[in-house]
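Just below is one structure, and these are the notes that go with it.
The values are calculated or read from the model by the stated rules, or taken from the named source; none is laboratory data. Just so we're clear, the structure is a prediction, and the values are computed from it rather than from any experiment. No Cβ is skipped: glycine too gets one built from the backbone with ideal geometry, and neighbour counts run over all protein chains shown. Just so you know, the surface numbers come from the protein's heavy atoms only, side chains and all, with ligands and any DNA or RNA stripped out. Shrake-Rupley method; radii C 1.70, N 1.55, O 1.52, S 1.80 Å.
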Amino acid sequence: MPLNHAIVLDNRPQGHASVDNFKVVSAQTPALQEGQVLVQHHYLSLDPYMRGRMNDSKSYAAPQPLGEVMIGGTAGEVVESRHPKFKVGDQVVGMGGWQNYSVVDGHAAGMLRRVETTHVSLSHYLGAVGMPGVTAWYGLVKVIAPQAGETVTVSAASGAVGSAYGALAKARGCRVVGIAGGPDKCDYVVNTLGFDACVDYKEHSDYLSLSKALRQACPNGIDGHFENVGGMVLDAVMLRTNAFARIAVCGMIAGYDGAPLPMTHPALILVNRLKIQGFIVSEHMEVWPEALKELGQLVGSGQLRPRESVAQGLAAAPEAFLGLLKGKNFGKQLVKLV
Ligand SMILES: NC(=O)c1ccc[n+]([C@@H]2O[C@H](COP(=O)([O-])OP(=O)(O)OC[C@H]3O[C@@H](n4cnc5c(N)ncnc54)[C@H](OP(=O)(O)O)[C@@H]3O)[C@@H](O)[C@H]2O)c1
């Protein structure tokens, strides 16, 4: 059986996470039992939610246990199988974690999904045609529920979730405006992803200045907003919301290291009769098939061309993950393992 390298959570961060929170361990992969499948991971997905799991605090999901392999989505290939439904060479997506191989119970529902890579590359099943894409779909379709002609916005617009959101909103006839950090990301959001406009929040030192820029980009106000960041960005957007606007709260990455993110004008919730709803995509498995179908068509047809930041080799995962939390990624953050 092949030797497996894995990254475990060694200790919990105090404030900012660091590479010292992680440790590499190695062991032989065990011999397969009946019904099990051995998967070699080609790609590991790095996602902001992992930062929350590193804390031992109350949240919507249990903390990552110390000494265990870091949780994570993986895409790879079956290299050995004792399950009738999976054969060697199948391309599969699962939750294999930060390691080169995983042994999966092929009978357990939802643990391993076979994917077709003719029109959609394997790595996109961890991004636009995977959990981040479905997240964008749920927030847009089920929370914001836009009408054609409405203006919708999204923060972290160049990222895995934000880029899928743009394509989904354009397909529904919306004016789509992104908010992203830096001229290169904004240029990509407009010229490659096809957003109508993008505002670079790094050009603004306070929410009032950012809000003025949003007024220019959204002359008819904002009807729907998808929040990935929190803090100054959300404050600026709220000032530009129309009556009965909907805000899907997907992430608050600006506060993932524990800093409080106060809301400057909560009275706007009343004044503008806002609907503000948080959601967790894994609690809405019923929408995944419909969402994945649409996302697969958008990527397969080239209407959505998601960008990827790819770190090389398992040992690069901690540094790449910390970079993701600081916006060093440009598109879906992955680690290439093979
Ligand atoms: N609710 C759910 O079920 C669910 C599921 C998946 C993801 N999420 C959330 O969705 C959000 C996006 O996830 P993703 O995987 O698509 O990541 P991503 O957007 O590909 O990468 C994270 C981006 O966040 C931005 N960012 C980081 N720190 C920031 C800060 N302090 N202020 C402003 N922007 C900051 C950076 O973009 P800029 O350089 O443009 O700032 C960075 O590139 C995250 O908040 C994540 O937790 C939620």
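I need the full set of residues from the stretch 168-181 which are within 14 Å of the ligand (Cβ to nearest atom) and open to solvent by 10 Å² or more (accessible area, probe 1.4 Å), in order please.
Of all residues in the stretch 168-181, those within 14 Å of the ligand (Cβ to nearest atom) come to 168, 177-181.
Gly181 - this is the single residue of the stretch 168-181 that is within 14 Å of the ligand (Cβ to nearest atom) and open to solvent by 10 Å² or more (accessible area, probe 1.4 Å).
Would you check which residues across the stretch 276-319 are of a type in the set (A, V, I, L, M, F, W, C) and under 23 Å from Tyr201 (Cα atoms) and list them?
Filtering the stretch 276-319 for residues of a type in the set (A, V, I, L, M, F, W, C) gives 276, 279-281, 285, 287-288, 291-292, 295, 298-299, 304, 310-311, 314-317.
The one that is of a type in the set (A, V, I, L, M, F, W, C) and under 23 Å from Tyr201 (Cα atoms): Ile276.
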Exercise. What are the pairs, 6+ residues apart or on separate chains, where a residue within the stretch 14-42 that is farther than 18 Å from Leu3 by Cα has its Cβ under 6 Å from a residue that is in a strand (DSSP E or B) and modelled with pLDDT of 95 or more?
Worked result: Phe22/Ile7
Exercise. Of all residues in the stretch 209-246, which are part of a helix (DSSP H, G or I) and of a type outside the set (A, V, I, L, M, F, W, C)?
Worked result: Ser209, Ser211, Lys212, Arg215, Gln216, Asp235
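Between Ser158, Ser123, Ser102, which is in a loop (DSSP other than H, G, I, E, B), crowded, with 19+ Cβ neighbours inside 10 Å and either assigned by TED's automatic domain parsing to the domain that holds Leu324 or under 17 Å from the mean Cα position of the chain (by Cα) (or both)? Steps first, please.
Working: Ser123 fails: in a loop (DSSP other than H, G, I, E, B); Ser102 fails: in a loop (DSSP other than H, G, I, E, B).
Step by step, each of Ser158, Ser123, Ser102 is checked, and only Ser158 is in a loop (DSSP other than H, G, I, E, B), crowded, with 19+ Cβ neighbours inside 10 Å and either assigned by TED's automatic domain parsing to the domain that holds Leu324 or under 17 Å from the mean Cα position of the chain (by Cα) (or both).
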Exercise. Limited to the stretch 24-82, what total is found for residues that are farther than 17 Å from Val93 by Cβ and either small (Gly, Ala, Ser) or touching a Cys at 6+ places or on another chain (Cβ under 9 Å) (or both)?
Worked result: 10
Exercise. Has the stretch 271-290 got at least one residue that is farther than 24 Å from Lys142 by Cβ, touching a residue at least 24 places away in the same chain (Cβ under 8 Å) and loosely packed, with under 14 Cβ neighbours inside 10 Å?
Worked result: no
Seminar exercise, completed: Among the residues of the stretch 241-262, the number that are farther than 15 Å from Gly52 by Cβ and open to solvent by less than 70 Å² (accessible area, probe 1.4 Å) is 7
Exercise. Is at least one residue of the stretch 34-57 loosely packed, with under 12 Cβ neighbours inside 10 Å and more than 21 Å from Tyr256 (Cα to Cα)?
Worked result: yes
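Kindly establish whether Val79 is surrounded by 13 or more Cβ atoms within 10 Å (Cβ to Cβ) and over 19 Å from Phe321 (Cα atoms).
Working: surrounded by 13 or more Cβ atoms within 10 Å (Cβ to Cβ): yes; over 19 Å from Phe321 (Cα atoms): yes.
Yes.
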Problem set entry | Odd one out for Tyr207, checked against (1) crowded, with 20+ Cβ neighbours inside 10 Å; (2) more than 16 Å from the ligand (Cβ to nearest atom); (3) touching a residue at least 40 places away in the same chain (Cβ under 8 Å); (4) more than 24 Å from the chain's Cα centre (by Cα) | (2)
For this session: May I ask you to list the residues in the stretch 223-251 that are in contact with a Cys (Cβ under 9 Å, 6 or more places away or on another chain) and either farther than 16 Å from Leu261 by Cα or away from the ligand (no atom under 16 Å from the Cβ) (or both)?
Result: Asp223, Gly224, Phe226, Arg240
